[in-house]
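Q: Dropping the structure in here first, questions after.
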Amino acid sequence: MSRRRVVIAGLGETGVLTAVRLSKRYDVVGISTKPSLVSGQELGLRLTRPDWWARDYHHSFDALRGLDRARVVHGTITGADLDARTVRVTTADGAELVEPYDVLVISTGVSNGFWRRPGLETPEDVAAGIEDAHQRLAAASSVAIVGGGAAAVGTAWNAARVWPGKQVDLYFPGEVALPEHHRRVWTKVRGQLEAAGVGIHPGHRAVVPGEIDRITDEPVAWTTGQDDVHADAVLWAIGRTSPNTAWVPAEILDDDGYVRAGLDLKVPGVDGVFAIGDVAATDPLRSSARNFTFKLLASNVRAHLEGRALKTFTPPARRWGSVNGYQEDGLVVYTPKGQSFRIPRLPVDRMVRSRVVDRGYYRGIRR
């Protein structure tokens, strides 16, 4: 008797972690435009210390032991037939495939700046993109970062710490940055930015140019009336995301192009389709991209195939987690209520990274 097949469209972190949990029991096929797991997390570390960042956030699929039982297809999904339960794929070498499924998991994520692009890439493309952005920022004597979310704030702090002689300025439209976090988080992080020498400029709403998926050097103008800002490198991290759903049938998309999904991660009105991550319109923060919901998804896929009731998750009202990323002195984590705690580097290395992430989440990483 053949095993049930689960096709996972998109192998970012949530897709990979879901595949790891399902591949022992089911025939799992993962489809990815990238040749490896390339995380969109911790932009500041990726730009300032790419080798340090890669230890946790960039792995070849062959290095992830939890994917040994899965089949990974490097290619682009071009369409889906939800009635026939198939997806169409053009592989990296130009072959056309039709992949049948019993369950389809949509985890194709979003496009957002130069660090989250949807197109097909080779290993050389990925390596060049990471290194080019790092060198571009490293060579600049002045850096302007436009945006108020965690990616912008974390990049400003990391850049100022790694390159203390560099002028680093952070511009954002509101009175405070990190608006989706508890207000206490910004109070604490602002002090860290000031201590690192970052210029903080609230109340600056930018005139957004047509192309922001690269580091630019053109002057930045403001709709709020301030003088133009000139910098050697301008990093746009304004949170303008676009869902990677060009291949997804329109009937399961919301008005903004995200996949409609309930808090059980199932797509309503169609059998056997789930969505997770930034592409899934589960709640205003699209928080299934975080909060360990890949565990819930794996459990619900099993429940669906076995005819059992599905469980739901409770989305948090605020974002939480790290802002500046893993550092030499450990990791600072902020809770949804705005409190913070530091995990020193030794426990992070021995427990969090080695046991929890490497062994627990990915079932082992070949380094």
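Q: Any residue in the range 227-243 that's free of Cβ contacts under 8 Å to residues at least 60 places away in the same chain and surrounded by fewer than 18 Cβ atoms within 10 Å (Cβ to Cβ): show its pairings with residues that are in a strand (DSSP E or B) and aromatic (Phe, Trp, Tyr) at Cβ separation under 8 Å, as long as the two are six or more apart or on different chains.
A: Once the first residue is free of Cβ contacts under 8 Å to residues at least 60 places away in the same chain and surrounded by fewer than 18 Cβ atoms within 10 Å (Cβ to Cβ) and sits in the range 227-243, its partners that are in a strand (DSSP E or B) and aromatic (Phe, Trp, Tyr) give Asp228/Trp222.
Q: In addition: Suppose we keep only residues that are hydroxyl-bearing (Ser, Thr, Tyr) and assigned to a helix (DSSP H, G or I) within the range 267-300. Which one would you say is surrounded by the most Cβ atoms within 10 Å (Cβ to Cβ)? If you could, list the steps in order and put the result at the bottom.
A: First, pick out the residues of the range 267-300 that are hydroxyl-bearing (Ser, Thr, Tyr): 282, 287-288, 293, 299.
Next, from what is left, pick out any that are assigned to a helix (DSSP H, G or I): 287-288, 293, 299.
Values: Ser287: 22, Ser288: 28, Thr293: 23, Ser299: 16.
Result: Ser288.
Q: Now, a different point. Would you check which residues across the range 46-89 are more than 24 Å from the chain's Cα centre (by Cα) and not aliphatic (A, V, I, L, M) and list them?
A: Arg69, Asp81, Asp83, Arg85, Thr86, Arg88
Q: Still on this model: Residue by residue through the range 326-353, note down the ones that are under 21 Å from the mean Cα position of the chain (by Cα) and modelled with pLDDT of 80 or more.
A: Selection gives Tyr326, Gln327, Leu331, Val332, Val333, Tyr334, Thr335, Pro336.
Q: Right, here's the next one. Give me the pairs: first residue in the range 337-353 and outside any loop (DSSP other than H, G, I, E, B), second residue surrounded by 15 or more Cβ atoms within 10 Å (Cβ to Cβ) and of a type in the set (Gly, Ala, Ser), beta-carbon distance under 9 Å, and six or more apart or on different chains, which are they?
A: Qualifying pairs under 9 Å: Arg342/Gly330; Ile343/Gly330; Arg345/Gly330; Leu346/Gly330; Pro347/Gly330; Val348/Gly330.
Yes/no matrix, rows are residues, columns are (1) charged (D, E, K, R); (2) within 23 Å of Ile238 (Cα to Cα); (3) modelled with pLDDT of 95 or more; (4) not assigned by TED's automatic domain parsing to the domain that holds Ala221:
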site	(1), (2), (3), (4)
Ala70	no, no, yes, yes
His74	no, no, yes, yes
Ile77	no, no, yes, yes
Ala84	no, no, yes, yes
Thr90	no, no, yes, yes
Leu104	no, no, yes, yes
Pro118	no, yes, no, yes
Glu121	yes, no, yes, yes
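Q: Here's something else I'd like to know. Pairs please, first residue from the range 297-308 and small (Gly, Ala, Ser), second anywhere and in a helix (DSSP H, G or I), Cβ atoms under 6 Å, 6+ apart in sequence or on different chains.
A: What qualifies is Ala298/Thr18; Ala298/Arg21; Ala298/Leu22.
Q: Go through the range 1-34 residue by residue and tally those that are surrounded by fewer than 24 Cβ atoms within 10 Å (Cβ to Cβ), assigned to a strand (DSSP E or B) and touching an Asp or Glu at 6+ places or on another chain (Cβ under 6 Å).
A: The total comes to 2.
Q: Separate question: For the range 134-219, give me every one of the strands (runs of 3 or more DSSP E) that falls completely inside it and has 1 or more residues that are outside the structural domain of Leu331 (by TED's automatic domain parsing), modelled with pLDDT under 95 and buried (at least 17 other Cβ atoms within 10 Å of the Cβ).
A: Hits in the range 134-219: none.
Q: I've got another one for you. Taking the options Pro243, Pro249, name whichever one is more than 25 Å from Pro179 (Cβ to Cβ) and either modelled with pLDDT of 90 or more or not assigned by TED's automatic domain parsing to the domain that holds Arg353 (or both). Don't jump to the end; show me each part of the working.
A: On the way: Pro243 fails: more than 25 Å from Pro179 (Cβ to Cβ).
Step by step, each of Pro243, Pro249 is checked, and only Pro249 is more than 25 Å from Pro179 (Cβ to Cβ) and either modelled with pLDDT of 90 or more or not assigned by TED's automatic domain parsing to the domain that holds Arg353 (or both).
The values are calculated or read from the model by the stated rules, or taken from the named source; none is laboratory data. Fair warning: this is a prediction, and the values are worked out from it, not measured in the lab. Counting neighbours? That spans all protein chains shown, and the Cβs are built from the backbone with ideal geometry, glycine included.
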